[in-house]
Amino acid sequence: MKIRGKNVPDWWLGVSAIILVIVLWQAVAVFLVKNPFILPSPVDVFSAFLDLLARDTLLKDIGVSLLHFGIGLGAALLVGIPIGILIGWYRVMDAFLDPIIEIIRPIPPLAWIPFAIVWLGLTNVAAGFVIFIGAVFPIILNTYAGFRGIPRVFVEAGKMLGCIRDRDLIRYIAVPSSLPQIATGIRIASGVGWMCLVAAELFGVSRYGLGQKLWHYYNLHQMDSVVVYMILLGMIGLLLDWLFRIYIDRHFLKWRTGEVA
């Protein structure tokens, strides 16, 4: 972007937007709302952050939440990608599994919390299960769409070059062709799973966790600390998405930019 003949880096626009929001937030909180319980100011939130940092629990909360998220997303990948491949490649499996998927898919992840407790107890796996429910269906549907969208000419060319078995066609033709769609599904799934984290930690699976502490400080009416955990949830979610995009683009989608291994 150019302003009066000078090149302005795009990231400066983002920084400027954040600074503007903070200034407006401070003004509204101090001069209009005038109640830190309803709207803590940025100064209050920063003070609460320093206090929480001094207590030495933030890193434990982040670590426990990442554990829950890893369990849920990992299970979603192990289940969602194979099912998406099955129903995307084999029409018989699509006809067989589609009704089951479409019945279960609209059920909100929060509705599974009672069964998570009954089946798995108050454990880290129970929290991961709730995240798994939120993450698995975007992976299934995007993997399915990727496989169904493979041009027929790719499959025919693969057969002419010696890929006769379905296993070889899936490995060498279908999966590489579907990777952009699968990667999109994983990005959506990670976002949905991360949003389920607060609910997954709500029912007391651990004394630590970003979601657990968010509700803990809400019950104590310490809304400045609540905002600290909200901001941490947003920043960590952004960082995870950024790292995922870099990894996928560098290791699996080089061909889109003309790069070669």
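Could you tell me whether Ser206 is surrounded by 18 or more Cβ atoms within 10 Å (Cβ to Cβ), polar (S, T, N, Q) and outside any helix (DSSP H, G or I)? So Ser206 fits the description; yes. Evaluating Leu97 against the criteria (1) in contact with a Leu (Cβ under 9 Å, 6 or more places away or on another chain); (2) free of Cβ contacts under 8 Å to residues at least 60 places away in the same chain; (3) closer than 20 Å to Val192 by Cβ; (4) of a type in the set (A, V, I, L, M) leaves one unmet condition, (3).
Quick test for you: out of Met160, Met195, pick the one residue that is over 16 Å from Ile85 (Cβ atoms) and within 28 Å of the chain's Cα centre (by Cα). Full working, then the answer.
Working: Met160 fails: within 28 Å of the chain's Cα centre (by Cα).
Step by step, each of Met160, Met195 is checked, and only Met195 is over 16 Å from Ile85 (Cβ atoms) and within 28 Å of the chain's Cα centre (by Cα).
Got at least one residue in the stretch 125-138 being farther than 27 Å from Lys60 by Cα, in contact (Cβ under 8 Å) with a residue 40 or more places away in the chain and out of contact with any Pro (no Cβ under 6 Å at 6 or more places or on another chain)? Reasoning before the result, please.
Start the filter on the stretch 125-138 by keeping residues that are farther than 27 Å from Lys60 by Cα, which leaves 137-138.
Filter again for in contact (Cβ under 8 Å) with a residue 40 or more places away in the chain, leaving 137-138.
Of the ones still in play, those that are also out of contact with any Pro (no Cβ under 6 Å at 6 or more places or on another chain) are 137-138.
Taking every residue of the stretch 125-138 in turn, at least one turns out to be farther than 27 Å from Lys60 by Cα, in contact (Cβ under 8 Å) with a residue 40 or more places away in the chain and out of contact with any Pro (no Cβ under 6 Å at 6 or more places or on another chain).
The condition of being buried (at least 21 other Cβ atoms within 10 Å of the Cβ) and either of a type outside the set (Lys, Arg) or not in a helix (DSSP H, G or I) (or both) holds for only one of Thr143, Thr184, that being Thr143. Being of a type outside the set (Gly, Ala, Ser), surrounded by 21 or more Cβ atoms within 10 Å (Cβ to Cβ) and touching a Cys at 6+ places or on another chain (Cβ under 6 Å) is a property that Pro109 has.
Of all residues in the stretch 171-190, those that are under 18 Å from the mean Cα position of the chain (by Cα) and more than 14 Å from Asn142 (Cα to Cα) total 0.
None of the figures in this text is laboratory data; all of them are computed from the coordinates on show. Computed from a predicted model, the values in this text were never measured in an experiment. Because the Cβ atoms are built from the backbone with ideal geometry, glycine has one as well, and the counts that use them run over all protein chains shown.
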